[in-house]
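Student: Please find one structure pasted underneath; my questions will follow.
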Amino acid sequence: MEIEDPNLEENQNSEVVLEPKVGTRFDSEDKAQECYTIYAKAKGFGAITITSKKVNNVKSYVTYGCHLSGNARPTGSNPVKSHPTPKTGCKAHMNISLLVDGKWKLSSIELKHNHEMDPEKVKYLRCYRALPPNVKRTIELNRAAGINMNQIVASCVIEAGGPDNLTWTDKDARNYKDKERRVQLQEGDADAMHKYFVRMQKDNSDFFYAIDLDEDDRLRNVFWADAYSKELYKEFGDVVTFDTTYLVNRFDMPFAPFVGVNHHGQSILFGCGLITRENTDSFVWLFRTWLSCMFDSYPNAIIIDQCRAMQNAISVVFPNTRHRWCLWHIMKKIPDKFKNCNEYKEIKTSLKSVVYDSLDPKEFEQNWENLIKQFHLHDNEWFAGMYKERHRWVPAFVKDTFWAGMSTTQ
């Protein structure tokens with residue numbers, strides 16, 4: 001961002017937030033908006049875009065203002081039940097205009113507000129609140145597993161290091177939970193995908209696909225595998241990894257590949273799925289469809305992440321298949337679980353040593369007990385839960401099964 005005012009340049013390198021001034025130049029519209037938002041948060045009000053204008057179909061003028069600008073108005077169609085919005089007609093704003101060289105200039109500004117402001121509570125304003133993608137995913141996975149919202153929210157608060165570190169409220173989480181998660185695929189999109197699969201199957205009769213539609217003919221789940229994937233599974237299908245951490249951004253549908261390794265240790269694909277929701281029903285449909293594609297030949301072992309709904313589906317579809325949790329996903333959680341501990345580095349190093357260096361269950365049990373005593377972790381819920389499920393992820397407990405050299409879904 002190019003700054004004409006030296007005071008603003010000083011502002012970029014200090015925690016003191018100074019008032020924007022007329023004449024300030026910005027490299028882009030986003031930089032201007034960022035500047036006003038930083039100022040607004042420091043002062044205690046919400047920054048919103050009030051209006052913008054275009055000249056020859058090019059945006060050339062933007063007005064940012066206070067979240068309380070405008071007049072109060074009813075929020076519903078029923079005048080008896082509706083409540084007015086908390087607008088005060090605040091005139092505070094900042095105007096920027098596009099220059100010939102493509103930069104933006106602060107052309108005018110009004111800093112006075114007609115209401116009280118509180119920097120301590122500004123993060124609770126709607127314009128600043130947002131559920132991060134990882135929190136949305138946590139809510140979906142835990143709700144699918146039957147965990148209530150009080151426990152989910154409490155867990156998120158602990159992971160964030162306390163309620164003061166959250167960018168959302170309990171109400172935001174509950175509102176998100178109450179919204180039915182629908183795939184934004186219209187009937188035409190599903191039809192286009194179906195036509196593509198039909199064309200692929202016409203070129204090769206061994207191409208397999210299955211599409212699951214809801215009552216409104218919207219795509220809910222889909223699976224496909226080509227002839228090569230099916231042949232690979234015949235040779236190397238002893239161990240399968242299944243992961244849903246890849247998201248298709250346009251439709252926000254978890255992408256679920258079935259992956260294995262060949263005799264060279266290279267990753268190979270056994271089929272792909274797209275699912276609407278990460279719940280037990282979706283996984284059961286996907287697993288059964290995949291099994292049908294793969295000649296009803298059950299894998300000897302499968303690696304998944306810590307997903308309760310996925311575990312439930314495995315017990316239904318693959319009751320005799322040995323399954324373990326992805327070790328990478330588990331060890332990745334260590335910083336989040338202990339980053340606020342004074343002995344974080346020591347705990348991390350010791351835990352890795354216990355997990356990776358224990359040669360058998362007996363040695364692991366002894367090393368784990370010593371770790372608990374050394375760092376006084378007897379009351380740590382995460383440690384207790386991981387110990388209870390140790391047979392699903394600790395290398396010393398899964399050595400009796402062939403895993404083709406894999407311990408993670410990555």
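The values are calculated or read from the model by the stated rules, or taken from the named source; none is laboratory data. As the structure is a prediction and not an experimental result, all values here were calculated from the model. In this analysis, Cβ positions are derived from the backbone assuming ideal geometry, glycine residues included, and neighbour counts consider all displayed protein chains. Surface areas here come from the heavy atoms of the whole protein model, side chains and all, with no ligands, DNA or RNA. Shrake-Rupley method; radii C 1.70, N 1.55, O 1.52, S 1.80 Å.
Student: Among the residues of segment 390-405, which ones are buried (at least 16 other Cβ atoms within 10 Å of the Cβ), assigned to a loop (DSSP other than H, G, I, E, B) and more than 25 Å from the chain's Cα centre (by Cα)?
Tutor: So the first thing to find is which residues in segment 390-405 are buried (at least 16 other Cβ atoms within 10 Å of the Cβ), and the list is 390, 392-398, 403-404.
Adding the requirement that they be assigned to a loop (DSSP other than H, G, I, E, B) leaves 393-394, 398, 403-404.
Residues satisfying the conditions are Val394, Val398, Trp403, Ala404.
Student: Within segment 110-130, which residues are among the acidic types (Asp, Glu) and loosely packed, with under 12 Cβ neighbours inside 10 Å?
Tutor: Within segment 110-130, Glu116, Asp118, Glu120 meet the criteria.
Student: Of (1) modelled with pLDDT under 90; (2) more than 24 Å from the chain's Cα centre (by Cα), Cys307 satisfies all except one. Which?
Tutor: Unmet for Cys307, out of (1) modelled with pLDDT under 90; (2) more than 24 Å from the chain's Cα centre (by Cα): (2).
Student: For the subset of segment 284-308 comprising residues that are β-branched (Val, Ile, Thr) and in contact with a strand residue (DSSP E or B) (Cβ under 9 Å, 6 or more places away or on another chain), which member is surrounded by the most Cβ atoms within 10 Å (Cβ to Cβ)?
Tutor: Within segment 284-308, the match that is surrounded by the most Cβ atoms within 10 Å (Cβ to Cβ) is Ile303.
Student: All but one of (1) more than 28 Å from Gly161 (Cα to Cα); (2) in contact with a Lys or Arg (Cβ under 9 Å, 6 or more places away or on another chain) hold for Met331, so report the exception by its number.
Tutor: For Met331, the failing item is (1).
Student: Looking at (1) more than 18 Å from Val317 (Cα to Cα); (2) at pLDDT below 95; (3) buried (at least 16 other Cβ atoms within 10 Å of the Cβ), which is the only condition Asp281 fails?
Tutor: (1)
Student: What's the number of the condition Ser350 fails, among (1) in contact with a Leu (Cβ under 6 Å, 6 or more places away or on another chain); (2) under 27 Å from Val135 (Cβ atoms); (3) hydroxyl-bearing (Ser, Thr, Tyr)?
Tutor: Among (1) in contact with a Leu (Cβ under 6 Å, 6 or more places away or on another chain); (2) under 27 Å from Val135 (Cβ atoms); (3) hydroxyl-bearing (Ser, Thr, Tyr), the lone unmet condition for Ser350 is (2).
Student: Any idea how many residues of segment 334-377 are open to solvent by 70 Å² or more (accessible area, probe 1.4 Å) and closer than 18 Å to His391 by Cα?
Tutor: Of the residues in segment 334-377, 7 are open to solvent by 70 Å² or more (accessible area, probe 1.4 Å) and closer than 18 Å to His391 by Cα.
Student: In segment 131-159, which residue that is closer than 22 Å to Gly46 by Cβ and among the hydrophobic types (A, V, I, L, M, F, W, C) is most open to solvent (accessible area, probe 1.4 Å)?
Tutor: Applying the filter and picking the extreme gives Leu131.
Student: Can I ask one more? Starting from segment 112-135, keep only residues that are farther than 18 Å from Thr88 by Cβ, then list their pairs with residues that are among the hydroxyl-bearing types (Ser, Thr, Tyr) and modelled with pLDDT of 80 or more whose Cβ atoms are within a distance under 7 Å, requiring at least 6 positions of separation or different chains.
Tutor: none
Student: Considering (1) touching a Lys or Arg at 6+ places or on another chain (Cβ under 9 Å); (2) modelled with pLDDT of 95 or more, say which one Phe383 fails and leave the rest.
Tutor: With respect to (1) touching a Lys or Arg at 6+ places or on another chain (Cβ under 9 Å); (2) modelled with pLDDT of 95 or more, Phe383 is out only on (2).
Student: I would also like to ask the following. Report, ordered by the first and then the second residue, all pairs with beta carbons closer than 8 Å, sequence separation of six or more or different chains, a first member in segment 304-331 that is farther than 16 Å from Asp281 by Cβ, and a second member that is among the hydroxyl-bearing types (Ser, Thr, Tyr) and open to solvent by less than 20 Å² (accessible area, probe 1.4 Å).
Tutor: Ile304/Thr241; Ile304/Thr409; Asp305/Thr244; Asp305/Thr409; Cys326/Thr241; Cys326/Thr409; Trp328/Thr409; His329/Thr409
Student: Of the conditions (1) outside any helix (DSSP H, G or I); (2) closer than 22 Å to Val240 by Cα; (3) open to solvent by 80 Å² or more (accessible area, probe 1.4 Å), Trp328 clears all except one; give me its number.
Tutor: (1)
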